[in-house]
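Read the figures in this text as sums done on the coordinates, not as results from a lab. This structure is a prediction, so every number in the text was calculated from the model and none was measured. Quick reminder, even Gly has a Cβ in these numbers, built from the backbone with ideal geometry, and neighbours come from all protein chains shown.
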Amino acid sequence: RPEPAMSAPLQTLLDALFTSGHRIDIHDSVLTGTATTEDGEVTVIGTTDRIEVGVDHALALAETVLASTAAHPQRPIVMLADTAGQRLARRDEMLGINGYFAHLAQTLDLARRRGARLVTLVYGESVSGGFLSFGLMADHIHALPDAQVRVMDLRAMARVTKQPLEKLQALSQSSPVFAPGVANYVSMGAVESLWDGDLAQHLLQALRTPSDGDLRAARGAERGGRALAAEVCTAVARGDA
């Protein structure tokens, strides 16, 4: 069965990000390929159509990362995220979807250690394990203003924490930690910035920005979204906790 044509919004996004050209294929809602920037070639992986990421998708993404780091160890990898989460199917669970996600995360860590810079752009939705397994592994994570980011729905959070839904809904009004939405993730430092305007220049800036380690807790403290995370991390590192 032939693959469906690339949607107009996705084509527009790719053309705006990679004004010097791109060669990106879509198979089963997984994006793989290469693109050209002012600084050279980049590998592109990602998801589209709000896909629920399953074991086959994870393997396809991991295969592209391994091929990239084997042939071009220092070539940057750009990840485009649009996922409704992990696939909640019996087949995927029986095969051990957590292991496939761990494999994907390890391939990205390998690419980083070999010198590749990792940049994620959330352009649609990014939910739960479908995002954690690849997009959240980047050195720099950015998003479009109309993107949606959430790790756990408040109803699911209420079931897990055994807290009343009404209590969590009230907390979400004052604490970004409990609230979905890309603006809250910017406040918490999980998303560095929102990209608007010249997307190609935003991407170049991200690719040229060195990685100084995990600064999410520090950014969250600066932005008022996570009041104690950085302080606790520092205390643990000093051995005070």
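Some points to look at:
- Scaled radius of gyration (Cα, divided by 2.2 N^0.38 Å) that the range 45-96 gives: 1.29
- Take the Cα radius of gyration of the range 2-93 and divide it by 2.2 N^0.38 Å, N being the number of residues; the result is 1.11.
- Dividing the convex hull volume of the alpha carbon atoms of the range 177-241 by its residue count gives 87 Å³ per residue.
- Unit charges on C-beta of K, R, D, E only; dipole of the chain, Debye: 720 debye
- One Cα centroid belongs to the range 160-184, the other to the range 91-118; the line between them spans 29 Å.
- Diffusion coefficient (Stokes-Einstein, Kirkwood radius over C-alpha pairs, 25 °C, 0.890 mPa s) for the chain: 131 µm²/s, rounded to a whole number.
- Put simply, the convex hull of the Cα atoms in the range 15-154 casts, on average, a shadow of 8.3 nm².
- Total formal charge among the other residues, if their Cβ is under 12 angstrom from that of Leu59, Lys/Arg +1 and Asp/Glu -1: -4
- Cα Rg, Dmax (largest Cα-Cα span) when computed across the range 123-241, Å: 15.6, 45
- Structure remark: mean-square fluctuation, Gaussian network model of the chain, C-alpha springs under 10 Å; the largest value among Val44, Val53, Val160 belongs to Val160.
- Stokes-Einstein diffusion for the range 87-163, with the hydrodynamic radius set to the Kirkwood value over Cα pairs and evaluated at 4 °C in a medium of 1.567 mPa s, equals 91 µm²/s.
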